[in-house]
Amino acid sequence: MSDLEDARRIRIGQTWLELVLGDITQQDADAIVNAANSSLLGGGGVDGAIHRAAGPQLLEETRKLGGCPTGEARITRGYNLKARYVIHAVGPVYQPGSPRNQALLASAYRSSLELAVQYGLRSLAFPSISTGAYGYPLEEAAPVALQTVCDFIAAPTSLEWVRFVLFNALALAVYTQALQMILRRQRADSEPA
Ligand code: APR
């Protein structure tokens, strides 16, 4: 496989990390992650697509959750989706120059992973959280998202695979390059001084 393809499917610890192009609502994973807002009452983008695909029962359930702070996540059933569960993660609205962006974005990914493991899930699909309506530049978000996931799955978990489902070729290219950079840095760090 070419280095590029290598960077789209790598094994970290006991878990495969994959980057694919596609529509997250079609993913056959134990859970898909929704790029939600703090009300958890739906919206556009990924949120709108997931609510449309899951059906009205999803909103009935999320309505009972009373919202979710930025950087945290909540889990519901998946209803008409192939996925058994939806993990609703609230990423930050990008504030240029704010040091909080990175910490809140990493926290949204980590909270989602923690919920998945708490439920013993074996597979999880992420969208590129906060890089749409919330304005987080792809080039800044991708390294944060990938490093957070890589750090989490380096230790044994229930997860057999974690997949990033990118909605367009540009996002896939940016995430692929970011993952290659992480891999190169890890290889360099592991070489004898
Ligand atoms: N599958 C995978 N990725 C998708 C899909 C889809 N069906 N639809 C959109 N995306 C991509 C976008 O291209 C973007 O890269 O998901 C990323 C996140 O975009 P948004 O859905 O706009 O999410 P976000 O930037 O986190 O903003 C959240 O938008 O939809 C509202 O209710 C939501 O208020 C919240 C805000």
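The angle separating the long axis of helix 45-54 from the principal Cα axis of greatest extent in the chain is about 60 degrees. Where a ≥ b ≥ c are the square roots of the eigenvalues of the C-alpha gyration tensor, would you call the range 105-193 rounded, which needs a/c under 1.5, or, failing that, prolate if a/b is larger than b/c, or oblate? Oblate is the answer for the range 105-193, as a/c is 1.5 or above yet b/c matches or exceeds a/b. Probing with 1.4 Å while keeping every protein chain in the model, the per residue accessible area of the chain equals 48 Å². 3J(HN,Hα) couplings calculated from phi for the range 167-176 with the Karplus curve 6.51 cos²θ - 1.76 cosθ + 1.60 (θ = phi - 60°) are, in sequence order, 8, 8, 5, 5, 4, 4, 5, 5, 5, 4 Hz; Gly and Pro show x. When both bridge partners sit in the chain, DSSP labels roughly 35% of those beta bridges antiparallel.
For the range 1-155, the carbon plus sulfur part of the accessible surface works out to 49%, probe radius 1.4 Å. Ranked by the mean number of other Cβ atoms within 10 Å per residue, highest first, peptides 142-148, 99-105, 183-189, 119-125 order as 142-148, 119-125, 99-105, 183-189. Considering only alpha-carbon pairs that sit under 8 angstrom and 6 or more positions apart, the relative contact order computed for the range 104-193 is 37 percent. Where in the range 77-121 does the amide nitrogen come within less than 17 Å of the point 7 Å from the Cα of Lys64, taken along Cα to Cβ? Within reach of a label on Lys64, which here means backbone N under 17 Å from a point 7 Å along Cα→Cβ, the range 77-121 contributes 77-80, 85-88. Pairs of Cα atoms nearer than 8 Å and 6+ residues apart set the relative contact order; for the chain it is 29 percent. Charging the Cβ of each Asp and Glu at -1 and of each Lys and Arg at +1, and nothing else, the dipole of the range 1-101 about its Cα centre rounds to 340 debye.
Working note: Karplus 6.51/-1.76/1.60 with θ = phi - 60° gives the range 130-138 the couplings 6, 8, x, 4, 7, x, 6, x, 3 Hz, where Gly and Pro are set to x. Relative to its residue count, the range 1-143 spans a Cα convex hull of 113 Å³ per residue. Pop the C-beta distance of Gln186 and Glu18 into the FRET formula with R0 = 22 Å and round what comes out to the nearest 0.05. Here the calculated transfer efficiency is 0.80.
The values are calculated or read from the model by the stated rules, or taken from the named source; none is laboratory data. All figures in this text were calculated on a predicted structure; none of them were measured in a lab. A quick note on method: Cβ atoms are made from the backbone with ideal geometry, for glycine too, and the neighbour counts reach across all protein chains shown. Areas reflect the complete protein model, heavy atoms only, side chains present, ligands, DNA and RNA absent. Shrake-Rupley method; radii C 1.70, N 1.55, O 1.52, S 1.80 Å.
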